[in-house]
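Remarks on the structure that follows.
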Amino acid sequence: MTDRLHLLLENSADQHPERTAVVDRERSVTYRELDSGANRVAQMLRSNGVEAGDRVGIFLDKSLESVMGIYGVLKAGGVYVPLDARAPVARVAYIASDCGIEVLISSGKQAKQAVELAKLGAPLRVIVNMAGEATPGTIPGVDVLHFASSEDSSRLNLEGDEKDLAYILYTSGSTGEPKGVMLSHLNGLAFVRWGIAELGVRPEDRLSSHAPFHFDLSIFDLFAASGSGAAVALVPTATSVFPVEIARFIRENEISIWYSVPSILSFLVQHGGLADGDLPSLRAVVFAGEVFPSKFLTQLMKKLPHASFHNWYGPTETNVCTAYPVDTVPDPSGPDIPIGKAITGVETVVVDGDGKSTAAGAEGELLVRGPTVMAGYWGDPAKTAAKLVDDPEHPGSKLYKTGDLVVEEPDGNYRFRGRRDHQIKSRGYRIELGEIETALNAHPDVVECVVVAIPDEVISNRIEAFVVLTGEQEASRLISWCAGKVPRYMIPETFMIATGLPKTSTGKIDRQAVRASDPKEWGK
C-alpha cells in the first residue's frame with residue numbers, strides 16, 4: 001500500500017504517464033513530466049545536504065514549479081513548509097527561523113526577499129531557484145542553485161515510514177506568533193484516501209486548486225488528484241477574488257470537482273452571473289473552513305442542480321474530521337447546515353467543561369481521535385500537551401481538543417455552535433485575534449487595543465480594531481503598520497480610534513462591552 005504522499009504521484013506516473021497532471025494557466029505537465037521534475041528537485045536537495053526530516057521552505061507563487069518543489073521535497077525525505085509569498089517578510093523570517101529552514105525553494109521574484117529573510121535571522125544556506133532568471137543580490141554563506149541546470153531525474157526510492165513528517169502548516173497563534181502544525185504522511189493520506197472514496201475521484205476528473213499551499217484545503221487538491229490520476233488546475237491569484245472570473249475558470253478548464261471556502265461560493269452565486277444549469281462540468285462542490293449561510297447555499301444549489309454538495313469540517317490539526325453531504329436544498333431562512341459525522345477511520349466525542357462525555361443534544365467541545373490528527377506543534381511541547389490530551393478509552397493514544405462547541409443531533413450529525421476562545425474564521429482562514437492585537441500593541445503610539453469579530457453572512461466574520469493612541473494617528477497608518485506584521489487577511493476592515501476602552505471589574509478589557517456599546521462613551 002502507498003504509505004507516503006509522493007508515492008501517489010509515482011503510481012500515477014507509472015500508470016498514467018501521459019495524462020495531464022497539473023494545469024497552470026497556459027502551461028501544463030503530464031504525470032511523467034511532473035514526476036521527472038520532482039525527481040530533479042529531490043536529487044538537487046539530497047546532493048546539497050537535505051536529509052530525512054529536514055524542513056524545506058516553498059517560497060514562490062502557486063505554479064507548476066511550486067508543485068514540483070513540494071513533491072521534490074517529499075521525495076528527498078524532507079518536510080515541506082509552504083510560505084505565504086504575500087505575507088510580511090518578518091513573518092516569513094520568523095517561520096523560517098522557528099522550524100530551522102536552511103533550504104528554500106523559490107523563484108527570482110520571491111528570491112529577491114531572501115536577502116531580507118537572511119538579515120532577519122532565517123538560517124538559510126541554500127536557495128533552489130526554480131525560475132530562469134538570476135537571483136538578485138548575494139547572500140553571504142548561501143549557495144544559489146538553478147533548477148534549469150539540474151539533469152538527474154532518476155528516482156531516489158528512499159526508505160521511509162508513514163509516520164514521518166510530511167509538511168508543516170503555520171496558523172495564527174494566540175501568543176502573537178504563528179504556530180507550526182506538524183502533519184505526517186499518514187495524516188495526509190488518511191484524509192486524501194477518504195476524500196477520493198467519498199467523491200469517487202477518477203482519472204477523468206479535473207480538480208480545482210483554489211486555496212494557497214500554506215492553507216490546509218490545498219492538501220486535498222494536490223494529493224487527491226495525483227492519487228487518482230486526475231488533473232488539477234491551479235486557480236490564478238488574480239482570478240480567485242473575482243466571481244465572474246471564477247465562473248469563467250470553471251467553464252474553460254471544465255472543472256468537475258471544486259473545493260474552496262464558502263465565502264468564495266457566496267460571492268460566486270451573488271456576483272458570478274450564473275444561469276440556471278450553468279457550469280455543466282461540475283459534478284461535486286465541496287466547501288470547508290467556515291459556515292456557509294443557508295440562503296447563499298440554497299441559491300447555489302438551485303443554480304447547479306446537477307452537482308452534489310459537501311460540507312467538510314476540521315481544523316488544520318485534524319485535516320477533515322467530519323463531513324455532511326447536503327442531499328436536499330436547505331431552507332434559506334433556516335439554521336446553517338450541520339458539520340456532519342466523523343469520516344471513515346476517525347472518531348469524535350463531545351465533552352463538557354469537566355471533560356466528561358455529554359449526552360446527545362447537550363452542547364460541548366468536540367474532540368477528535370484517529371489517523372488524521374496531527375503529530376503536534378513544532379517546537380512547542382507545552383502547547384502540544386494542552387491540545388493533544390490522553391485518551392481515557394484508548395490508552396497510549398491522544399485526543400485533539402478542537403475548541404469548537406457542537407451539539408449532536410438525534411440523527412447523529414453535529415451542529416457547530418461557536419468557539420471557546422478568541423479564535424475565529426474569516427474568509428476560511430483561522431485567525432487568533434490575539435495575534436492581531438499583539439501586532440497593534442507593538443506600534444509606538446498604541447496605548448491599548450482590542451480586536452473583535454463581527455458576524456458577517458458572506459465572510460463569516462468581519463474584523464474590527466478599537467485602538468487608544470498617545471496622539472493623533474490616522475487609520476491608514478495603522479493599516480500600513482499591520483501590513484508589515486500580519487498577512488493581508490488578518491488586517492482589520494475597520495479601525496476605531498477611542499479615548500479609552502471599557503473594562504471589567506478585574507481591569508481587563510470588556511470585550512462584550514466593546515461589541516455592544518458606543519465607543520464615544522468609553523473614555524468617560
>> Let's see if you can work this out: charge +1 on each Lys and Arg Cβ, -1 on each Asp and Glu Cβ, no other charges. What is the dipole magnitude of region 423-521 about its Cα centre, in debye to the nearest 20?
In response: 300
>> As a quick test, which of the pairs Lys387/Lys485; Lys75/Lys112; Lys62/Lys119; Lys303/Lys485; Lys75/Lys425 have an alpha carbon distance above 29 angstrom in this structure?
In response: Lys303/Lys485; Lys75/Lys425
>> Suppose the chain between Lys302 and Ser47 were pulled fully straight at 0.36 nm per residue; how much longer would it get relative to their current alpha carbon spacing?
In response: 86.3 nm
> Between region 230-270 and region 39-66, what's the alpha-carbon centroid distance in Å?
Replying inline: 28
>> With n ≥ 4 as the cut-off for DSSP H runs, can you work out [θ] at 222 nm for the chain, using -39500 (n - 2.57) per run divided by the number of residues, rounded to the nearest 500?
In response: -8500 deg cm²/dmol
>> As a test, work out the antiparallel percent of DSSP beta bridges whose residues both lie in region 34-186, rounded to the nearest 5.
In response: 25
> Given H placed 1.01 Å from N in the peptide plane, which residues other than close sequence neighbours of Leu469 have an amide H under 5 Å from its amide H?
Replying inline: Val447, Ala498
> Over the chain, what is the percentage of antiparallel beta bridges among all DSSP beta bridges, to the nearest 5?
Replying inline: 60
>> If amide hydrogens are placed 1.01 Å from N in the peptide plane, which non-local residues have theirs closer than 5 Å to the one on Gly403?
In response: Leu366
>> On the Cα set of region 6-238, report Rg and Dmax in Å, please.
In response: 16.6, 51
> If each residue's Cβ is checked for other Cβ atoms within 10 Å, how do Phe59, Phe242, Phe416 rank with the fewest at the top?
Replying inline: Phe242, Phe416, Phe59
> Listing Met496, Met374 from the residue with the fewest other Cβ atoms within 10 Å to the one with the most, what is the order?
Replying inline: Met496, Met374
>> What's the magnitude of the charge dipole for the chain around its Cα centre, counting Lys and Arg as +1 and Asp and Glu as -1 at the beta-carbon? Answer in Debye, nearest 20.
In response: 640
>> Order these by the 10 Å Cβ neighbour count, fewest first: His306, His16, His210.
In response: His306, His16, His210
>> Please report the net charge: other residues with Cβ closer than 14 Å to the Cβ of Gly141, K and R +1, D and E -1.
In response: 0
> Longest segment of the chain with no GluC sites (Glu not before Pro) in a DSSP loop having at most 16 other Cβ atoms within 10 Å?
Replying inline: 255-362
> Which whole-number percent gives the relative contact order of the chain, counting Cα pairs below 8 Å spaced six or more residues apart?
Replying inline: 11
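A short reminder: the numbers here are calculations on the coordinates, not readings from a lab. Remember, it's a predicted structure, so these values are computed and weren't measured experimentally. Here Cβ is always computed from backbone atoms with ideal geometry, including for glycine, and neighbour counts include all displayed protein chains.
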